[in-house]
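For reference, the structure discussed in these notes is given below.
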Amino acid sequence: MKNMKKILLLLLTGALLAGCSESFLDTMPLTKKTNTDFYQTLADFDQALTAAYVTMVSVPEGSVLNAYPFVISELMSDERFGGGGDNDLTPRAICDFKIDGSDMFAGAWVRYYRGIFRTNMILANLENYEWESAAQKGNIEGQARFLRGMFYFDLSRLFGEVPLIIEAKPVNNPKAAAADTYGQIAFDLKTAIEAFPKVTYGTSVYGDMGRANRWTAEALMARVFLFYTGYYEVDELPLA
């Protein structure tokens, strides 16, 4: 009787193992979207772009004065004085070019690399969607490349040489040479200018009021050229 039970148990176990497959263990998330089931519709790409834009304006948990590259640059310029209360040591330190801890600029660093990762994801999935027209695809790609170029431009002006990450992968790259980073910035902006659909000044064919378009990409390209050639004292902007 014991042997019979063992035989039945072995047969049952074998049947269960034979019925299992790799797909049986893989389940799609039912409560939220992930990178495996996102970027299926135009609305998905629009939401992804919104998430990239949000990195510029979202309010952090701590002080806002050291989490935005624009604010940091203003504090370090002659346009502003580091204000706040008596305990707001970081903005006062920024204003005086002093150090207030090794992570005083962590907010700005994390914020923009989060935005870079999100634009990398968009660009990596462009070819996985069947676009209605080249203009529709160009509008999405142009915005993503404009944002990535702008993020790297702000990071480079604030920190100098920074890691250059253009793939949606978790990597730990060392600092890239300034010429390599600015070459990528120029390439992204040039590609954005060429990809954007032709628009009338101040409007977009897709009604994206307040978002990047061909004109903003051209303006930023000019700004990047002036800064790079002036700061590094060279005659031309590199192109990746």
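Among the conditions (1) surrounded by 15 or more Cβ atoms within 10 Å (Cβ to Cβ); (2) under 17 Å from Ala168 (Cβ atoms), Glu127 misses just one, which is (1). Which residues, taken from segment 130-164, are in a loop (DSSP other than H, G, I, E, B) and open to solvent by less than 30 Å² (accessible area, probe 1.4 Å)? Gly160, Val162, listed by residue number. Scanning segment 206-238 for residues being assigned to a loop (DSSP other than H, G, I, E, B) and under 23 Å from Gln136 (Cβ atoms) gives a total of 8. Annotation note: of Thr119, Thr90, the sole residue that is open to solvent by less than 70 Å² (accessible area, probe 1.4 Å), out of contact with any helix residue (DSSP H, G or I) (no Cβ under 8 Å at 6 or more places or on another chain), in a helix (DSSP H, G or I) and of a type in the set (Val, Ile, Thr) is Thr90. Here the helices (runs of 4 or more DSSP H) wholly within segment 20-84 that include at least 1 residues being open to solvent by less than 60 Å² (accessible area, probe 1.4 Å) and either in contact with a Lys or Arg (Cβ under 7 Å, 6 or more places away or on another chain) or modelled with pLDDT of 65 or more (or both) are 42-54, 69-76.
Whenever a residue of segment 133-147 is among the basic types (Lys, Arg), its partners that are in a helix (DSSP H, G or I) and surrounded by fewer than 22 Cβ atoms within 10 Å (Cβ to Cβ), lying with C-beta atoms within less than 6 angstrom and at least six residues away or across chains, give the pairs Arg145/Thr191.
Taking segment 209-218 as the search range and keeping residues that are of a type in the set (A, V, I, L, M) and surrounded by 13 or more Cβ atoms within 10 Å (Cβ to Cβ), which one is farthest from the chain's Cα centre (by Cα)? Per the stated criteria, the residue is Ala217.
The values are calculated or read from the model by the stated rules, or taken from the named source; none is laboratory data. Small disclaimer: the values here were computed from a predicted structure and weren't measured. Cβ sites come from the backbone with ideal geometry, for glycine too, and all protein chains shown count toward neighbours. Side chains are part of the model used for accessible areas, which takes the heavy atoms of the whole protein and leaves out ligands, DNA and RNA. Shrake-Rupley method; radii C 1.70, N 1.55, O 1.52, S 1.80 Å.
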